[in-house]
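Data block below; observations after.
The values are calculated or read from the model by the stated rules, or taken from the named source; none is laboratory data. Since this is a predicted model, take the numbers as computed values, not measurements. For neighbour counting, all protein chains shown are included, and Cβ atoms are generated from backbone atoms with ideal geometry for every residue, glycine included.
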Amino acid sequence: MRNSRIIHTAMIAVMLIGAGSIGFAQQDDKHENKDKQDQHQQQANDRAQQDRGQRQHEQMQQPARGDHRQAEQAQQRQRRDDTRGQWNDYRRQRGEGQQQRARNFDRQHRSWEQRGGYDGYRIPERQFNRRFGRGHSFHMSSALYSGYGGQSRFRYGGYWLELMEPYPEYWGSDWEHNDDMYVGYDNGGYYLYNRRYPGRPGVTLSITF
């Protein structure tokens, strides 16, 4: 009888200890879960703050980038206007119908073959293929122009190109600004061609530095 009471008392003690252990374990799990939740929440808050900071930085940079683009566009317009003014000044000084524009280009034109062959500087083939030929057109008004000493020449592709004869009378009055031009090499010499008039002869050119 006494032994049964002792055993019963021991079993109750074990059950109480086990229940206490389970309670403490559950409390530990709750604390651990809460710590993880707090950690995740802190990480989410940090990411949100970083995103807000990045957006604010980009918003601050946008006006500066816009101002930079506007400045570049203004500089490009100024360069075009300056070059256009050079061409217009030259045309006023020499006047239409004089040496600048041919009266009958088909009759006045002389190819390099008719001139005895080209004897000027020759552009290396690699450089020519990179900047010249049918696949590389430009507006004459975008090229640096010089009418010094009665010579009509323009700067393009790192070279000075001199017009050796008047340009065709059938080219428009504003061809320097509106027509797509290109420099070709045909029959042993260089020529300035106007894409608006395919199949027509080009103006003979001489290349210098």
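Going through (1) surrounded by 15 or more Cβ atoms within 10 Å (Cβ to Cβ); (2) modelled with pLDDT of 90 or more; (3) within 26 Å of the chain's Cα centre (by Cα) one by one, I123 falls short only on (3). In the set (1) surrounded by 17 or more Cβ atoms within 10 Å (Cβ to Cβ); (2) in a loop (DSSP other than H, G, I, E, B); (3) under 26 Å from the mean Cα position of the chain (by Cα); (4) not basic (K, R), the condition left unmet by E176 is number (2).
Going through (1) surrounded by 14 or more Cβ atoms within 10 Å (Cβ to Cβ); (2) closer than 12 Å to W112 by Cα one by one, D186 falls short only on (1). Being at pLDDT 95 or above and part of a loop (DSSP other than H, G, I, E, B) is a property that holds for Y197. Of the residues in segment 153-167, at least one is in the same structural domain as Y197 (by TED's automatic domain parsing) and modelled with pLDDT under 90.
As a summary of the residue check, N129 satisfies the conditions (1) modelled with pLDDT of 95 or more; (2) outside any helix (DSSP H, G or I) except for the one numbered (2).
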